[in-house]
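Structure first, commentary second.
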Amino acid sequence: MDRRKFLKAGVASALTAGMVGAMKALPAEAAEAVANASGPQNGAKSKLHPKVDYGGATVKFVEHNDQWLGTTKIVGTVKNTHEADQGFYLANRGKYSPEAQKGFYHYHFVMKHPFNNAIASFALSLSPEQMVSGKPSPEKLKIPDPEQMSQHIKDCAYFLRADEVGIGKMPSYAYYSHKAPSQDDLMKDDLSNSIPVTERLPYVIVVMIDQHLETMLASTGYDGISAAQSMRSYHTTGVISVILASYIRNLGYNARAHHFTNYAAVMSPCIMAAGLGELSRTGDCTVHPRLGFRHKVAAVTTDLPLVPDKPIDFGLLDFCSVCGKCADNCPSGAITHDRDPVEYNGYLRWNSDFKKCTEFRVTNKDGSSCGRCMKVCPWNSKEQSWFHTAGTWIGSKGQNSSRLLKTIDDMFGYGDEQIEKYKWWLEWPERYGLPTNH
């Protein structure tokens, strides 16, 4: 049965009531979660965005300490990593297959899809060091107390069209050890000209942009528009981060923007520190309780006095341990089916294969890059409705309820469909294969 007819027929109401009853939960609690579609306040309250929208998820705040970053357990020394050891850079350096190196060049510099190229070319204009950093004004302007300043910074980010914003204590291990050298050096696998990252500032402001729900619903998850969804959010967060960093320097404080074309930090620990997500089964990718994977971020590190938000726990570790839908649907087979996380660089994460993931994304003959895990994840594969808000409330209630949500998700066919009415873009499949003359 078509799920929209199913919903209209009211069967979903009975089904939801049955799930809530099976969980022995109070119906009033579920109804309140659906009605409010927001969670408790984290840190300073924005005037422009006073209700924190977590969908229907039940969110708890956790302390930032040496043993945990949010719900990610730290079991040893977390080493700062070299930017050139990230997946795309490894492909560029020839550390994967020759096809991956050629595919990276075609994907990143030629850009298979002309629209992707147009967005990414603009984002590259934000990459010079003078855009992301600089000396603060010699005059430190008088600022409000840290809590009011945090509220103001959040308001600034929302005014600049951020979808979500958080402020965290900056983990020292979130910085790269070195910035990657030039493209010429990377092609020769020569890291001798890498620039050390010496900055250590106490706070990080993270801005998040939605990759656009309707486009994802119409996409396969790995067709031509896939990379453009990323670029849409990358360039927008880049603009916001550059403006915020410049503003903070105008106030007389140190600030550096970190965005798609000029990172000096790893975004996942910044996201967790700022209370905007948890690590997922895909490895180092974070999931937001309302947006799921459907986001990209940029950050600003600063010594501007701020009140940090706390990391969040909305039950994602329980959910990912029993779901595995991203692993079942990954076109490259990169995502692990292991039940539990394992140790990696001093912390616990699911042991997904980044080589397989990267090689598929840069050599994908059916599109440009890939966002299939984003497409199928039960946390973000839905149109906005009370029914789906109730689903995320259920999914944040432990492993038994997580199994229920995943079962219902599969029954409705979420993640497998392409809703044609939402498709607005054009495809150029003749561009998707690797060129024969490079």
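Just so it is clear, none of the values below were taken in a lab; they were calculated from the coordinates. What you see is a predicted model, and the numbers here were worked out from it, not measured in a lab. Quick reminder, even Gly has a Cβ in these numbers, built from the backbone with ideal geometry, and neighbours come from all protein chains shown.
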Order these peptides, 214-223, 298-307, by their mean beta-carbon neighbour count within 10 angstrom, highest first.
298-307, 214-223
Taking the chain and a Cβ-Cβ threshold of 4.7 Å, the cysteines left without a partner are C156, C270, C285, C320, C323, C330, C357, C370, C377
Which aspartates and glutamates have a Cα lying under 16 Å from the Cα of K423, excluding residues fewer than 8 positions away in the same chain?
E214, D223, E383
Which residue, chosen from V300, Q183, C320, occupies the Cα position most advanced towards the positive end of the dipole of the stretch 3-431, where the dipole is computed from +1 (Lys, Arg) and -1 (Asp, Glu) charges on Cβ about the Cα centre?
C320
Under 16 Å from a label point 7 Å along Cα→Cβ of N193: give me every residue in the stretch 116-147 with its amide N that close.
129
Based solely on its DSSP helices, what 222 nm [θ] is calculated for the chain when runs of n ≥ 4 H residues each add -39,500 (n - 2.57) and the sum is averaged over all residues, nearest 500 deg cm²/dmol?
-11000 deg cm²/dmol
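Tell me, what is the percent relative contact order of the chain, built from C-alpha pairs under 8 Å that lie six or more residues apart? Spell out each step's value before the answer.
Working: 915 pairs, mean separation 105.1, N = 438.
Relative contact order for the chain comes out at 24 percent.
Taking the Cα centre of the stretch 135-202 as origin, sum charge times position over the Cβ atoms of Lys and Arg (+1) and Asp and Glu (-1), and report the length of that vector in debye to the nearest 20.
Working: 9 positive and 11 negative charges, 55 e Å.
My answer is approximately 260 debye.
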With each label point set 7 Å from Cα along the Cα-Cβ vector, what nm distance links K365 and Q399?
4.1
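If you place +1 on the Cβ of every Lys and Arg, -1 on the Cβ of every Asp and Glu, and leave all else neutral, what size is the dipole of the stretch 64-184 about its Cα centre, to the nearest 20 Debye? Intermediate results must be reported in sequence, preceding the final value.
Values: 13 positive and 12 negative charges, 51 e Å.
Computed charge dipole of the stretch 64-184: roughly 240 debye.
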Once you have the Cα-Cα distance between Q41 and V322, take 0.36 nm times their residue separation minus that, and quote the gain in nm to one decimal.
98.3 nm
If every Lys and Arg gets +1 and every Asp and Glu gets -1 at its Cβ, then about the Cα centre the chain yields a dipole, in debye to the nearest 20, of 420
For the chain, alpha-carbon Rg over 2.2 N^0.38 Å:
0.97
Return the lysines within reach of K45: Cα separation strictly under 23 angstrom, same-chain partners fewer than 8 residues apart disregarded; answer none if there are no such residues.
K60, K142, K154, K169, K296, K310
For the pair K73/N329, report the inter-label distance in nm, with labels modelled 7 Å from Cα in the Cβ direction.
3.0
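What ranking do 182-192, 267-277 get when scored by the average of other Cβ atoms within 10 Å per residue, highest first?
On the way: 182-192: 13.4, 267-277: 26.3.
Answer by packing, highest mean first, reads 267-277, 182-192.
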Could you rank the peptides 251-257, 372-378, 125-131 by their average count of other C-beta atoms within 10 Å per residue, with the highest value first?
372-378, 251-257, 125-131
Got a sec? Charge dipole of the stretch 342-438, +1 on Cβ for Lys and Arg, -1 for Asp and Glu; which of Y422, L348, A390 is way out at the positive end?
L348
Among Y263, S172, Q148, flag the residue with its Cα farthest along the positive direction of the charge dipole of the chain, charges on Cβ as +1 for Lys/Arg and -1 for Asp/Glu.
Q148
